[in-house]
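These notes concern the structure reproduced below.
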Amino acid sequence: MAGSTPALATGLAINGYRMQFVSCVPLVKYTLVDPNPYLMCGVLNDVLEVITPGIEHHGWRVVMTPHPGELDILTPLWGFSESPTDTFTPTETLTSFTTLVRLKSSTANVITTSSCVMDRVVLRGQKGNNPMTLQMDILGKSSAEGSTFSPTSITRDAPFPFTGGALSAGGSSRAIDACVIVWNNHIRKRFNNSATADVLQNVRQTLHIGVNMPMTDDEDDLVTTAVSSSRHSGIALNLGWTFNSKRHIWDVTKAVWPDATWPGITGKEAEIRSYQYYQCVKSGSSAVCTITQDNTT
């Protein structure tokens with residue numbers, strides 16, 4: 001409407017706890033469907049073989065610079081179970097939770113999104129004293145408008161700075177300029193012949209880790225012929241943050257990095273950067289990763 005003021009998120013609660021955030025915006029995703037009417041008869045018509053947007057998924061995209069106390073609450077919601085204390089491993093059974101978003105508009109209102117699950121989690125960091133950034137894509141079954149917003153507050157703390165970050169690749173510590181961790185549950189809504197979703201299903205779980213690494217002689221071992229085969233089959237990665245003895249660390253036993261070579265500029269080796277994007281896979285019966293989330297000083 002002309003002259004209207006868009007509603008802005010002024011408060012956020014996840015699983016009953018108040019969260020500090022940078023941005024919180026509505027999220028709409030689509031399930032791609034094949035409208036070919038011949039498929040139901042077992043006939044493939046190439047002319048009609050097209051993909052179009054289908055069922056909508058509604059939720060929220062949240063960006064925040066989380067402190068250790070918030071990560072204590074959030075980590076189990078990403079698709080992880082805790083055992084033993086402060087150690088989290090992936091689980092296919094996702095935890096359902098409620099998301100409250102308080103909006104600033106002409107009248108006070110709170111959007112309650114029920115039966116939420118976590119679709120995708122992205123952790124980022126870059127050089128300098130910048131804090132860790134967390135982006136979460138949250139999908140829910142239904143939403144309703146109300147006026148109640150009284151979440152439990154969490155004791156505030158400083159977020160993890162990038163200067164507290166550390167990377168170990170192939171058993172050796174490495175310098176990094178930037179990093180990203182992407183955990184994806186690949187959520188799909190199951191509608192079948194119903195007008196409402198009966199479940200939010202994670203069809204698979206994937207983990208990718210990207211690092212921007214300065215190219216020096218210390219990193220040559222990652223691209224030499226001697227380690228090429230082991231890099232293709234998977235190397236150990238340990239990436240995380242530590243601050244005042246509090247930790248958030250991802251430990252991967254098998255991270256696969258495709259073919260890689262360093263660019264060469266004589267006399268400028270220390271200024272060259274290599275962006276490495278690892279696909280993390282399971283090693284035997286072991287979990288693809290473990291997270292150490294420790295909020296104790």
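Among the numbered conditions (1) modelled with pLDDT of 95 or more; (2) exposed (fewer than 12 other Cβ atoms within 10 Å of the Cβ), the only one that CYS41 does not meet is (1).
Considering the conditions (1) aromatic (Phe, Trp, Tyr); (2) modelled with pLDDT of 90 or more; (3) under 25 Å from LEU139 (Cα atoms), TRP241 is excluded by exactly one of them, (3). Among the numbered conditions (1) polar (S, T, N, Q); (2) over 22 Å from PHE21 (Cβ atoms); (3) at pLDDT below 95, the only one that THR89 does not meet is (3). TRP257 falls short on exactly one of the conditions (1) at pLDDT 85 or above; (2) farther than 30 Å from THR155 by Cβ; (3) surrounded by 20 or more Cβ atoms within 10 Å (Cβ to Cβ); (4) of a type in the set (A, V, I, L, M, F, W, C), and that condition is (1). The single condition from (1) touching a residue at least 40 places away in the same chain (Cβ under 8 Å); (2) part of a strand (DSSP E or B); (3) surrounded by fewer than 21 Cβ atoms within 10 Å (Cβ to Cβ); (4) touching a Leu at 6+ places or on another chain (Cβ under 8 Å) that ILE111 fails is (1). Taken across the stretch 154-162, residues that are more than 14 Å from ILE181 (Cα to Cα), without any contact (Cβ under 8 Å) to a residue 40 or more places away in the chain and among the acidic types (Asp, Glu) do not occur at all.
The set of residues from the stretch 204-221 being more than 20 Å from SER283 (Cα to Cα) and not acidic (Asp, Glu) comprises VAL211, ASN212, MET213, PRO214, MET215, THR216. Take the conditions (1) at pLDDT below 95; (2) surrounded by 11 or more Cβ atoms within 10 Å (Cβ to Cβ); (3) more than 19 Å from the chain's Cα centre (by Cα); GLY16 misses just one of them, which is (1). Would you call ILE154 more than 21 Å from the chain's Cα centre (by Cα), in a strand (DSSP E or B) and surrounded by 13 or more Cβ atoms within 10 Å (Cβ to Cβ)? Taking the combined requirement at face value, the residue does not satisfy it. Do the conditions hold for THR196, that is, is it at pLDDT 70 or above, among the hydroxyl-bearing types (Ser, Thr, Tyr) and more than 25 Å from VAL288 (Cα to Cα)? Answer is no for this residue. Comparison of LEU94, LEU103 shows that the only residue that is in contact (Cβ under 8 Å) with a residue 12 or more places away in the chain, touching a Ser or Thr at 6+ places or on another chain (Cβ under 9 Å) and either assigned to a strand (DSSP E or B) or surrounded by 13 or more Cβ atoms within 10 Å (Cβ to Cβ) (or both) is LEU103.
The values are calculated or read from the model by the stated rules, or taken from the named source; none is laboratory data. Worth saying up front: this structure is predicted, and the values here are computed from it rather than measured. Reconstructed Cβ throughout: ideal geometry from the backbone, glycine too, with neighbour counts over all protein chains shown.
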